[in-house]
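**Q** There's a structure below that I have some questions on.
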Amino acid sequence: MSVYSYIEEDLGTLCRSCLNQKYRIKLTPKNCEYDDYPRLCYRCEEVKNIVCGIRPGKRLLLRLKN
């Protein structure tokens, strides 16, 4: 199973830094798609930009990671 399939469950609820910490990945701001407005991150409980998607090019790299 790819790493992306695990991350899909948390898209729309976590900020980029929390996704990086939880899954031990290195997403950069240009690899992420964000919601229109900042919201509350459920993990760090701060108002931040929430990741709603990952750009297709980065998804391929997440599939190859074991």
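Since every read-out is calculated from the coordinates, none of them should be taken as a lab result. No experiment lies behind these values; they were computed from the predicted model shown. Neighbour counts run over all protein chains shown; Cβ positions are idealised from the backbone, glycine included.
**Q** Looking at the chain as a GNM with Cα springs under 10 Å, which of Arg39, Arg55, Arg16 has the largest mean-square fluctuation?
**A** Judging by the Gaussian network model, the answer is Arg55.
**Q** Can you tell which of Ile25, Gly12, Cys44 lies farthest toward the positive end of the dipole of the range 3-64, using +1 and -1 charges on the Cβ of basic and acidic side chains (Lys, Arg; Asp, Glu)?
**A** Ile25
**Q** Using Cα pairs under 8 angstrom and six or more residues apart, how large is the relative contact order of the chain, in percent?
**A** Values: 90 pairs, mean separation 26.9, N = 66.
The normalised contact order for the chain reaches 41 percent.
**Q** Could you give the length gained on full extension between Glu45 and Ser5, defined as 0.36 nm per residue of separation minus the Cα-Cα distance, in nm? Can you show the working numbers first?
**A** Numbers: separation 40, 0.36 × 40 = 14.40 nm, distance 2.38 nm.
Stretched out fully, the Glu45 to Ser5 stretch lengthens by 12.0 nm.
**Q** OK, next. At 37 °C and a viscosity of 0.692 mPa s, what translational diffusion coefficient does Stokes-Einstein give for the chain, taking Rh as the Kirkwood radius over Cα pairs? Give it in µm²/s as a whole number. Show your work: numbers first, answer last.
**A** Numbers: Rh = 11.8 Å.
Estimated via Stokes-Einstein, D reaches 278 µm²/s.
**Q** Now for a different question. Explain nothing, just the number: dipole magnitude of the chain about its Cα centre with +1 on each Lys and Arg Cβ and -1 on each Asp and Glu Cβ, in debye rounded to the nearest 20. Could the numbers behind the result be given before it?
**A** Working: 13 positive and 8 negative charges, 93 e Å.
In total the dipole reaches around 440 debye.
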